[in-house]
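FYI, it's all coordinate maths here, none of it is from the lab. What you are looking at is a predicted structure, and each value in this text was computed from that prediction instead of being measured. Here Cβ is always computed from backbone atoms with ideal geometry, including for glycine, and neighbour counts include all displayed protein chains.
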Amino acid sequence: LGLLEYSKTITEIPSDSVERFAAGIERARGYYYESLQVFPTGDAHFNLGNSYAFTDDLDSAITHMKKAAEIYTGNGYRNQQSLALGNLGVYMFRNAQPGDAIQPLGEAIGILEELRGNVASVELRSSFISNKYYLYEYMITALLQLGRTEAAFEYVERAKARSFLDMLGSKAIGEGKE
């Protein structure tokens, strides 16, 4: 119910209706908190974290993303773990904590690269990571802000290498040339 209420709120309630929007977010959070009383799940914490980030309560978002990542890690849900760690890093960065953001962003990228390597189809492998390049962008920016230029360059190279390997695998490089 929480996810339904949250989705409905952010997609259906016009942004000019601030009171209705805030009430919808609060209803969704209420459902998530109720579900946590019955059965604590990573998904409930993940969605709570996102709802808090949506309203710029980044401290609460970080708290819930940490708990989601912990639960996903304990359950062995690697994909969800990477998503929670990625969001955690992004929220830390947005909360003016670039130094703290590096560890979860690095873990998320590492897991995604590992999972990507296990995908058999080249097309699926490419699409699997295509919507996650923002993690590399946040990591690179955080490293640059901290003056860690060499480490930032390594992440630039890693991101470029993934794209290049995907193109090689799909034979997109040099096709049509004699």
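In the range 35-149, Cα pairs under 8 Å separated by at least six residues give a relative contact order of 20 percent. Think of each Lys and Arg Cβ as +1 and each Asp and Glu Cβ as -1; about the Cα centre, that makes the dipole of the range 92-163 roughly 160 debye.
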